[in-house]
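Enquirer: One structure follows; several queries about it will come next.
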Amino acid sequence: MRLMVLPCDGIGPEIMAATLDVVEAANTRFDLGLEMHEEEAGFASLEKHGTTLRDEVLDRARSEFDGVILGTQSHMDYPPVAEGGRNVSAGFRVGLDLYANVRPARSRDFLPSKAPGMDLVIMREATEGFYPDRNMYKGVGEMMPDPDMALSVRKITRHGSMRICREAFKLAMQRGRKVAAIHKANSFLMTDGLFLECFRAVARDFPQVETEELIVDAFAALLVRQPEAYDVVVATNFYGDILSDLASELSGSLGLAGAINANAETGLCCAQAQHGSAPDIAGKNIANPTSLILSAAMMLTWLGERRKAPPLMDAGRAIAEAVDHVIAEPANRTRDIGGQTNTDVFGRLVADTVSQVSLAA
Ligand code: ATP
């Protein structure tokens, strides 16, 4: 199996190195036959090729690789698109049609958390919504008719809403059989109204799953008040983006939050940390690589389930268990969760643990 690896910007190269250390340990232990190929994206690609993301890289990811591990990008610092500053995340999500951004948030008994008992997954639509670079056929979904007025367009489609809701219900069937749909259909009658209509249509195919519909602002408060009450949460792109950062920070740190972008129909999957490139701590070897490590684990599990390949699923499980095992010990923790351990050392600790951890039957 071939994985494309793109370290990208900010803390990306540091957390990628730690992640690859861990994936290699799983590769050896479970005899996965993984081959990792590094590609450039972000500033490294801009310098060399004049663009932060080449179409050729996307084409190769689509046709020659089984999965992608994507580092973090400093989009805010990129030049305009016309000067090569293409949004790399959006490039992958739209270019590979990775519509399901799966973002778990779980508090751990042994870590300080503002949300004890939380164990939920936010299923975020990732190819449309409010993002100006992914909601128009031609042009961009943001415009300024005059210097003192700015407008945004939000795209919600039946196709996009149906497929993300279906993935949410499928996931709920493997978990606690509850799905909450997040909306603001009281104001956005047509866009959020269409999303809710799709949610209800899909719900009819899953009578075993309990559903609720929550207005986004109320949900933000409820997530803080009763984080343990939610199982799978399905949301359009922008709401899902904000709520997943809130959920993962409540769980302990943004640095703990793994995620994948996936398409259940094509089988393409990309591991990508929930957080950004953290320029404030880049190059210091102090970032927490857990988010990208867990993202890689999620991707191996996802690919294993699709391919009915137990070694891949075991590898995903072993990595997740190794991470918990390592951070349960306060002396092993990185700074964001109260420790002093550096990024590379943390990666090594998890890699060593992956090689030995026993998997519950
Ligand atoms: P970007 O512009 O790339 O989105 P940002 O700093 O605005 O970067 P994040 O990268 O998500 O947004 O970071 C938000 C805060 O969380 C920062 O203070 C950052 O240092 C911290 N943070 C994010 N990821 C990690 C991590 N893996 N380990 C430790 N701290 C992190």
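Enquirer: So what J values fall out for segment 277-288 if you push phi through Karplus, 6.51 cos²θ - 1.76 cosθ + 1.60 with θ = phi - 60°, rounded to Hz, Gly and Pro as x?
Expert: Whole-Hz 3J(HN,Hα) from phi for segment 277-288: 8, 6, x, 5, 10, 5, x, 9, 6, 10, 5, 8.
Enquirer: Below 8 Å, C-alpha to C-alpha, sequence gap of six or more: please give me the relative contact order for segment 148-217 in percent.
Expert: On the way: 75 pairs, mean separation 28.5, N = 70.
In percent, rounded to a whole number, it is 41.
Enquirer: Let me ask you something else. I'd like to compare 149-157, 20-28, 225-233: which one has the highest average count of other Cβ atoms within 10 Å, and what's the full order after that?
Expert: Numbers: 149-157: 14.2, 20-28: 22.0, 225-233: 18.3.
Per-residue mean Cβ counts within 10 Å order the peptides as 20-28, 225-233, 149-157.
Enquirer: How far apart, in nanometres, would the label points at ALA229 and VAL140 be if each is projected 7 angstrom from Cα along the Cα-to-Cβ direction?
Expert: In this crude spin-label approximation the distance works out to 3.9 nm.
Enquirer: Taking the Cα centre of the chain as the origin, how large is its charge dipole in debye, to the nearest 20, when only Lys and Arg (+1) and Asp and Glu (-1) carry charge on their Cβ atoms?
Expert: On the way: 36 positive and 49 negative charges, 193 e Å.
It works out to roughly 920 debye.
Enquirer: Around GLY339, which amide H atoms from residues at least 5 apart in sequence, or from another chain, sit under 5 Å from its own amide H, with H modelled in the peptide plane?
Expert: THR334
Enquirer: Mind checking which of ALA172, PRO104, PHE65 is farthest towards the positive end of the chain's charge dipole, using Cβ charges of +1 (Lys, Arg) and -1 (Asp, Glu) about the Cα centre?
Expert: Final value for the positive-end residue is ALA172.
Enquirer: Another question, then. If you average the sequence gap of Cα pairs under 8 Å that are 6 or more apart and divide by the length of the chain, what percent do you get for the contact order?
Expert: Details: 782 pairs, mean separation 79.2, N = 361.
Reported relative contact order: 22 percent.
Enquirer: Scan around LEU268 for amide H atoms under 5 Å from its own, H built in the peptide plane at 1.01 Å from N, and keep only partners 5 or more places away or cross-chain.
Expert: HN-HN under 5 Å from LEU268: ASN263.
Enquirer: If packing is taken as the mean number of other Cβ atoms within 10 Å per residue, what is the order of 183-193, 295-305, 61-71, 94-104, highest first?
Expert: Highest-to-lowest ranking by the protection proxy: 295-305, 94-104, 61-71, 183-193.
Enquirer: Roughly what % antiparallel, to the nearest 5, for the DSSP beta bridges in the chain? Before the final figure, lay out the partial values.
Expert: Values: 18 of 43 bridges.
That works out to approximately 40 percent antiparallel.
Enquirer: Count the DSSP beta bridges whose two residues both fall in segment 169-297, then state the antiparallel fraction as a percent rounded to the nearest 5. Write down the numbers at each step before the final one.
Expert: Numbers: 4 of 13 bridges.
Of all bridge pairs located within segment 169-297, approximately 30 percent are antiparallel.
Enquirer: May I pose another question? Kindly work out what percent of the DSSP beta bridges joining two residues of segment 113-251 are antiparallel, to the nearest 5.
Expert: 25
Enquirer: For segment 133-198 and segment 224-274, what is the separation of their Cα centres, given in Å?
Expert: Segment 133-198 and segment 224-274 have Cα centres separated by 16 Å.
Enquirer: Charges at C-beta only: +1 for Lys and Arg, -1 for Asp and Glu. How large is the resulting dipole of segment 113-251 about its Cα centre, in Debye rounded to 20? Could you put the intermediate results ahead of the total?
Expert: Values: 17 positive and 20 negative charges, 109 e Å.
It works out to roughly 520 debye.
Enquirer: Right, something else. Give the distance, in whole Å, between the Cα centre of segment 84-105 and the Cα centre of segment 39-67.
Expert: Centre-to-centre (Cα) distance: 13 Å.
Enquirer: Taking θ = phi - 60°, what integer Hz values does the Karplus form 6.51 cos²θ - 1.76 cosθ + 1.60 yield along segment 118-131, in sequence order, with x for Gly and Pro?
Expert: 3J(HN,Hα) across segment 118-131, in whole Hz: 6, 8, 9, 10, 8, 9, 9, 5, 10, 10, 9, x, 8, 7.
Enquirer: Still on this structure, please answer the following. Residue separation times 0.36 nm, minus the C-alpha to C-alpha distance between GLU210 and ASP97: what's the value?
Expert: Numbers: separation 113, 0.36 × 113 = 40.68 nm, distance 2.87 nm.
Between GLU210 and ASP97, full extension yields 37.8 nm more.
Enquirer: Just to be sure I understand the model, the point goes 7 Å from the Cα along the line to the Cβ. What's the resulting ASP77 to MET173 distance in nm?
Expert: Here the modelled spin labels are 4.5 nm apart.
Enquirer: Given Cα pairs under 8 Å that are at least 6 residues apart, what percent is the relative contact order of segment 113-251?
Expert: Averaging sequence separation for qualifying contacts and normalising by length gives 39 percent for segment 113-251.
Enquirer: Once both labels are modelled 7 Å past Cα along the beta-carbon direction, what's the GLU24-ALA221 spacing in nm?
Expert: 5.1
Readers should treat all values here as calculations from the given coordinates under stated rules, not as data from a laboratory. Everything numeric here is computed off the predicted structure, so don't read it as measured data. A quick note on method: Cβ atoms are made from the backbone with ideal geometry, for glycine too, and the neighbour counts reach across all protein chains shown.
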